[in-house]
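Working notes for the structure below.
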Amino acid sequence: MNVEKIVGYQVLDSRGRPTVAAVLLLSDGTSHTARVPSGASVGKHEARELRDQGTPFAEKNYRGTSVFAACNNINNLIAPHVHGKYPDLLKTDYFLQTLDSTEDFRNIGANATLAVSLAIAKAQAHAEKISLARLFQPEGKLKMPMPMVNILSGGAHAKKTMDVQDVLVIAHGAHSFSEALAWISAIREVAIVNGAKLGAPTHLVADEGGLAIPFKRVEEACDFVVSCIESVGLQPGRDVSLAMDVASTQLYHEGSYLLPNAGAKYDAQSFRLFISDLVKNLPLVSIEDPFAEDDWNSWSEFMEDAPKQLQVVGDDLYTTNLKRLEKGIAESASNAILVKPNQNGLVTKTLEVLKAAQAKNFNTIVSARSGETEDSWLADLAVGWGAGQIKVGSTHGSERAAKWNRLLELEATENWEFVSPF
Ligand code: PGA
Ligand code: ZN
């Protein structure tokens, strides 16, 4: 079975911004489409998505955010090498890597490479008559991931209604993925009712489907979510705990951490104390990007005194980049990594980063972006890779539900195990 055609074209993401899709037609008449996501709080060290700003395509197309150049690269540079061949993910990724001399794919665009890499992976799974998850784990029980779900949004996803980007929950007391999702959905619904009592516009949702309730202090936001957990009859710390994505890179300016809603400014040392106090005083089991992407020193110093059971997650710190992960391991900067395929640009290279992290006993969390599509490949990757955890945003929004629903389908149809990493 061979590739008859592959076409790159522009589609819209959940923020209404252009993104890249690739559709691949196989000789058996089937087609396989992959759409790539896009971030808002983008790390400096991520692979580069190609946008048309400043090019002849730009002016009339989505204020320069169009991705026609990336699509053209699929159609003109990549397609001729894929045509007529069996859809082989490893070989294709190897070829894509050699196509761009830069490490971050700035010439052909990581949005172009990832769309092709994913479409090939889907087509290969089809050719082998297995699911995308099973392409990576053909035998044995699949590991269903623990979901980390957004309840409150702030920062770059919600016009800074709150200083940190996400307050999330992890239902580690649940016995299955679907039970965890049901508990969290109940908490999310109660947050609407309780938020309305505070006079918040709870009919509005932020980029990832979370509620954008204005809270001046981070502690108040956390207390609110704790009260929502209690409102549904679950016990904070035993059944469900908090997680936070501080997204600190967004708060970092010339050596200081600025929290505009709290009206606070911290130097690196006092910000470490602020984060330590949050961890001490709240049922918080996971904290992501507590420090800025290049403030390595704060990460390592924080880890020295952090409670051993606390999950400290690098997102902007690592940007799913093997070299940065290796530095983080060498410097004991964290004990977990957020894994985002579009920060990397290739499926196999993303998996390489995840495996390298797991080999050093890091927890791994496969993650969506704030700009998503209806595509659900992330769910298959999280399961097939045995990531252990997944972060997709909230339970609201069909681009989020697409991933949850695919996980529910895998749970309903596959042999699985569900093990809490907490
Ligand atoms: P982004 O945010 O997709 O806007 O970069 C997600 C995250 O920081 O985890
Ligand atoms: Zn993050």
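Read-outs throughout are calculated quantities, based only on the coordinates presented, and are distinct from any laboratory measurement. Values in this document were obtained by computation on a predicted structure and should not be read as measured data. Counting neighbours? That spans all protein chains shown, and the Cβs are built from the backbone with ideal geometry, glycine included.
Results, tabulated for the structure shown:
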read-out: Sum of -39500 (n - 2.57) over DSSP H runs of 4+, divided by residues of the chain (222 nm, nearest 500); value: -11000 deg cm²/dmol
read-out: Global size of segment 64-218 as Cα Rg and Dmax, reported in angstrom; value: 21.4, 61
read-out: Between 0 and 90°, nearest 10: helix 296-305 axis offset from the chain longest Cα axis; value: 50 degrees
read-out: The chain: relative contact order as a whole-number percent, Cα under 8 Å and 6+ apart; value: 20 percent
read-out: Extension gain, Lys327 back to Tyr94 (0.36 nm per residue minus Cα-Cα distance, nm); value: 81.5 nm
read-out: Gyration tensor (alpha-carbon) shape descriptor, the chain, a/c threshold 1.5; value: prolate
read-out: Full-extension gain in nm, Gln10 to Ser256, via 0.36 nm per residue minus C-alpha separation; value: 84.6 nm
read-out: Overall form of segment 3-129 per C-alpha gyration tensor (a/c, 1.5; a/b vs b/c); value: prolate
read-out: Selected from Ser27, Phe105, Tyr62, residue furthest toward positive end of dipole (the chain; charges at beta carbon); value: Ser27
read-out: Ordering of 177-187, 147-157, 296-306, 203-213 by packing [mean C-beta count within 10 Å, highest first]; value: 147-157, 203-213, 177-187, 296-306
read-out: Segment 298-422, relative contact order in percent, only Cα pairs under 8 angstrom and at least six apart counted; value: 19 percent
read-out: Alpha carbon Rg of segment 305-422, scaled by the compact-globule rule 2.2 N^0.38 Å; value: 1.06
read-out: Virtual spin-label span in nm between Phe422 and His81, 7 Å along Cα→Cβ; value: 4.3 nm
read-out: Fewest-first ranking of Ser270, Ser370, using other Cβ atoms within 10 Å as the exposure measure; value: Ser270, Ser370
read-out: Efficiency of FRET between Trp296 and Lys141 - r from beta-carbon atoms, R0 30 angstrom, step 0.05; value: 0.20
read-out: 18 Å cut-off, amide nitrogen to a point 7 angstrom out along Lys129 Cα→Cβ, residues in segment 71-106; value: 87
read-out: Per-peptide average of other Cβ atoms within 10 Å, ordering 127-134, 319-326 highest first; value: 319-326, 127-134
read-out: Length released on extending from Lys160 to Ser101, taking residue separation times 0.36 nm less the Cα-Cα span; value: 17.5 nm
read-out: Whole-angstrom Cα spans of segment 186-332 along principal axes, big to small; value: 46, 32, 27
read-out: Pairs of Lys in segment 3-129 closer than 23 Å at Cα, counting only those 8 or more apart or on different chains; value: 8
read-out: Three-way shape label, segment 72-162, alpha-carbon gyration tensor, a/c 1.5; value: oblate
read-out: Dipole of the chain, positive direction: furthest Cα of Val218, Pro421, Thr364, with charges on the beta-carbon; value: Thr364
read-out: Among beta bridges that DSSP assigns inside the chain, antiparallel share in %, nearest 5; value: 55 percent
read-out: Nitroxide proxy distance, nm - points 7 Å out along Cα→Cβ at Ser276 and Glu220; value: 2.7 nm
read-out: Percentage relative contact order, segment 141-284, counting C-alpha pairs under 8 Å, at least six apart; value: 27 percent
read-out: Modelled FRET efficiency - R0 56 Å, Arg17 with Gln235, Cβ distances, 0.05 increments; value: 0.90
read-out: Segments 5-14, 242-251 sorted - mean Cβ within 10 Å per residue, highest first; value: 242-251, 5-14
read-out: Cα centroid of segment 186-221 to Cα centroid of segment 280-355, whole Å; value: 28 Å
